[in-house]
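J.: Have a look at this one.
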């Protein structure tokens, strides 16, 4: 099935794998056209603060959108999966909105208008859920080449809205494995199995003592399932494509924030590193060094005080020794 005209922009985010040129991350910005904003969309307003798209999503979903309350008429903004009629009948009135988290206190005010724009942009990613990619996607590095990466990517793109929204609320990224890793085979009690060959038969082997096994004993290993690793990589790729699209879509549309392209690596399993973020205005390495030294000094003082108290306690717990009596000395 061919991709719709509105979703052709995502094909460039999964260009064929290529080696990064030297100095690509110099100056805190990537030189690739995938990461650089179009000249007409770069934030030019001097009063705007620059935020990476990841930091922007985390700020919107963790700090601003939870301020949203129910409507003035007492009804929730969205329908619940279970009718609140039963709770109202049992408790005599509406007590809480059990369909979502309670949110922030009312005194914190309404969500920032930019956060609402970000939320609508995230919902708009649903139009790319049926997008299909062509060519190599770069997901099979260190994996068997006979795996179907397009099927995994299609399934991940169907979850693009949930991936972006959930990871923004958690303040994290999708996890993935760089390559399959060996792991020990465990028994029903979670202990690694130890086997030994007796003739032509493989039998379980027990320890002869603490950490001592007979000669020839071994622990069988198994490798991670490459299909699960491919699914994790596809979810990461779909998440990266979502935040890259949001960075281009939100550029120049927010009142107080200038959106920067994603600093996360597009294919970290190939060794690609994250881009260097711009330094904060109040970032002072000397202040951070002094704060670290102060924390270390407090930790050392605590350990020394604890050692002195324990030493005095041990000394006071010793029994008093009787004074020696001279030979031939008699009592009065």
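None of the figures in this text is laboratory data; all of them are computed from the coordinates on show. None of the values given here were measured: they were computed from a predicted structure. Cβ: placed from backbone, ideal geometry, glycine included. Neighbour counts: every protein chain shown.
J.: Separation between the residue 177 and residue 49 pseudo-spin-labels, each 7 Å from Cα along Cα→Cβ, expressed in nm?
T.: 4.0
J.: Let me ask another. With a cut-off of 8 Å between alpha carbons and a minimum separation of six or more residues, what is the relative contact order of the stretch 182-223 in percent?
T.: Numbers: 56 pairs, mean separation 19.8, N = 42.
About 47 percent, as a whole number.
J.: For the stretch 182-223, rounded, prolate or oblate, judged on the Cα gyration tensor with a ≥ b ≥ c (square roots of eigenvalues), a/c < 1.5 rounded, else prolate if a/b > b/c? List each step's numbers first, then the result.
T.: Numbers: a/c = 1.83, a/b = 1.20, b/c = 1.52.
It is oblate, given that a/c is not under 1.5 and a/b is not larger than b/c.
J.: Still on this structure, please answer the following. Under a crude label model (7 Å from the Cα following the beta-carbon direction), how far is residue 302 from residue 186 in nanometres?
T.: Inter-label distance under the simple model: 3.2 nm.
J.: So if I take the centroid of the Cα atoms in the stretch 171-191 and the same for the stretch 246-274, what is the distance between those two points in Å?
T.: 29
J.: Work out how much length residue 255 to residue 221 would gain on full extension: take 0.36 nm times their residue separation and subtract the Cα-Cα distance, in nm to one decimal. Could the numbers behind the result be given before it?
T.: Details: separation 34, 0.36 × 34 = 12.24 nm, distance 5.59 nm.
The span from residue 255 to residue 221 would gain 6.7 nm if fully extended.
J.: Put a dot 7 Å past each Cα toward the Cβ at residue 145 and residue 287; how far apart are the dots in nm?
T.: Spacing of the two 7 Å Cα→Cβ label points: 5.4 nm.
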